[in-house]
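This report refers to the structure that appears directly beneath it.
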Amino acid sequence: LSEQFEQVDSILADHAQEQGALLPVLHAIMRSYGYIPGDALGSIAGALSLSRAEVSGVVSFYHDFRSEPAAPDVLKICRAEACQAVGARQLETHAKASLKLGPGDSCHQRGITLEAVYCLGNCACGPSVSINEQLHARVTPEKFDQLMLALDCQRGK
Ligand code: FES
């Protein structure tokens with residue numbers, strides 16, 4: 001493992017004797033690096049007697065883990081039921097297409113990371129979206145495009 005990820009070895013050593021250490025190890029790596037480096041998957045698998053595919057499968061299954069660094073602006077689209085009933089799923093499809101999100105749900109070109117969230121406490125006014133923790137209600141695809149334009153303007157793009 002490269003020097004850049006040397007903390008991974010110490011995290012693995014800390015959890016070496018634990019039963020079911022994979023999730024605690026992945027959370028610790030997320031806290032240290034903000035993502036799970038692809039270069040670390042082999043070391044994690046080796047240390048925990050798992051296959052690389054098993055580790056990779058867990059990383060991609062849980063929304064808490066990302067496999068590449070996050071872009072700086074964080075966009076959350078509510079995926080819970082009340083928002084889905086008023087178009088959150090279509091909004092998410094629109095957002096992913098318009099931002100051309102890559103693996104890890106980040107658009108580095110526009111500096112945006114999409115994160116899953118299951119209720120933003122704004123259920124009566126969905127679809128709900130938060131951008132850098134600021135809540136937006138009744139977000140249609142058109143309103144979403146306006147919000148993205150406003151975000152670009154704030155950043156002087
Ligand atoms: S269900 Fe979307 S904000 Fe609660």
Considering only DSSP beta bridges whose two residues both sit in segment 1-148, what percent are antiparallel, to the nearest 5?
55 percent
The chain accessible area per residue, 1.4 Å probe, protein heavy atoms, integer Å², reads 56 Å²
Between K96 and E3, 0.36 nm times their residue separation minus their Cα-Cα distance comes to what?
30.1 nm
Give, in nm to one decimal, the length gained when the segment between Q134 and E115 is fully stretched (0.36 nm per residue of separation minus the Cα-Cα distance).
5.5 nm
Strictly under 4.7 angstrom between C-beta atoms: which cysteines of the chain have no such partner?
C107, C119, C123, C125, C153
The correct pair for segment 1-122, radius of gyration to one decimal and Dmax as a whole number, both in Å and from Cα atoms, is 16.4, 48
All-pairs alpha carbon distance profile, segment 97-157, 10 Å steps from 0, percent
20, 53, 26, 1
Calculated P(r) of segment 2-57 - Cα pairs past 19 Å, %
14 percent
Could you give P(r) for segment 52-157, binned at 5 Å from zero, as whole percent values over all Cα-Cα pairs?
2, 13, 22, 24, 19, 12, 5, 2, 0
Got a number for carbon plus sulfur as a percent of the chain's accessible area, 1.4 Å probe?
51 percent
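The values are calculated or read from the model by the stated rules, or taken from the named source; none is laboratory data. All values reported here derive from a predicted model rather than from experimental measurement. Neighbour counts are summed over all protein chains in view; Cβ atoms, including those assigned to glycine, are modelled from backbone coordinates with ideal geometry. Heavy atoms of the whole protein, side chains included, go into the accessibility calculation; ligands, DNA and RNA do not. Shrake-Rupley method; radii C 1.70, N 1.55, O 1.52, S 1.80 Å.
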